[in-house]
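Below: one structure, written as structure tokens.
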Ligand code: SF4
């Protein structure tokens with residue numbers, strides 16, 4: 001298993017499981033939309049992550065532009081496929097982390113950083129050397145190479161990972177990525193190994209997660225049965241970990257135009273079916289969302305806040 005993220009990046013990028021081989025170090029763009037320059041859409045405190053992540057002060061989120069998944073229903077499409085954001089240097093990324101800490105962030109929350117993973121070891125080390133003490137949260141789609149997870153194991157304190165699909169056909173039709181379930185199982189198992197190697201989960205007296213993982217799953221309308229199979233896979237792979245089952249699915253313009261199940265919200269019955277299944281499996285720490293879906297407060301404005309200068 002290669003351990004060097006630089007080796008996975010160049011001369012042909014294989015950082016993520018798509019392994020598209022783009023010559024990003026020569027300026028080419030990969031399937032994720034990224035070339036050789038960091039791009040960030042927002043860096044600010046975020047209050048809407050799970051309580052052990054946001055706490056009362058908020059999570060110091062850094063939203064990276066681009067994504068290796070191509071989910072047709074994406075709720076952050078302006079940055080994931082639209083690649084909206086501002087180019088920054090690795091030195092500016094270090095400053096952003098320190099500024100978020102100064103603003104009171106409970107952690108640094110790297111959102112969809114997979115395609116920039118090769119730059120993270122140096123940036124995190126530099127930030128640590130300049131006084132960064134809060135945990136690093138790696139907020140991912142779950143589509144990760146196990147080797148990349150292993151290479152980040154000493155740097156990442158909290159894995160906040162999605163597990164989107166159990167069915168390969170569904171993954172192909174909704175995210176254009178057939179191997180998602182197999183890859184997500186392998187990445188999740190590696191995240192659990194990294195946490196164990198570091199001494200296991202650590203939660204402080206205020207309930208903030210200092211080390212560990214939370215597995216997230218967004219229930220999709222019409223696909224509650226697959227959601228239950230996702231929970232089966234998580235249970236079989238890593239057992240009783242904290243899980244977050246979300247019902248905030250909001251149809252984007254394309255989904256509303258296409259019609260069908262993905263043009264609507266998740267019903268209460270669908271959501272309860274999945275929550276009941278999690279209970280039946282035995283998950284003891286579960287986060288869920290109250291009320292209906294479609295709450296804009298969950299989706300921050302991607303307005304480049306905090307990217308070039310502190311949001312404070
Ligand atoms: S990170 Fe981007 S460029 Fe690299 S393999 Fe994945 S999609 Fe391709």
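Taking N as the residue count of region 41-298, its C-alpha radius of gyration divided by 2.2 N^0.38 Å amounts to 0.97. Entry note, region 164-231: relative contact order of 31 percent, from Cα contacts under 8 Å with a spacing of 6+ residues. Evaluated over the Cα positions of region 53-130, the convex hull gives a direction-averaged projected area, one quarter of its surface, of 5.7 nm².
Within region 41-298, what percent of beta bridges assigned by DSSP are antiparallel, to the nearest 5? Could you put the intermediate results ahead of the total?
On the way: 7 of 31 bridges.
Roughly 25 percent of the beta bridges in region 41-298 run antiparallel, per DSSP.
Taking other C-beta atoms within 10 angstrom as a stand-in for reagent exposure, 94, 133 fall in the order 133, 94, fewest first. Got a sec? Which residues in region 213-255 would a label at residue 273 touch, if it sits 7 Å along Cα→Cβ and we count backbone N under 12 Å? Residues 220-229 qualify, since their backbone N sits under 12 Å from the label point.
What is the extension gain from residue 19 to residue 179, computed as 0.36 nm multiplied by their sequence separation minus the C-alpha to C-alpha distance, in nm to one decimal? Can you show the working numbers first?
On the way: separation 160, 0.36 × 160 = 57.60 nm, distance 1.22 nm.
The residue 19-residue 179 span can extend by a further 56.4 nm.
Packing, as the average of other Cβ atoms within 10 Å across residues, places the peptides 116-125, 165-174 in the order 116-125, 165-174, highest first. Short-range pairs are left out: with C-alpha atoms under 8 Å and at least six residues apart, the relative contact order of the chain is 18 percent.
Quick note: the coordinates plus some simple rules give every number you see, no bench work behind them. Everything numeric in this text was worked out from a predicted model, so none of it was measured. Here Cβ is always computed from backbone atoms with ideal geometry, including for glycine, and neighbour counts include all displayed protein chains.
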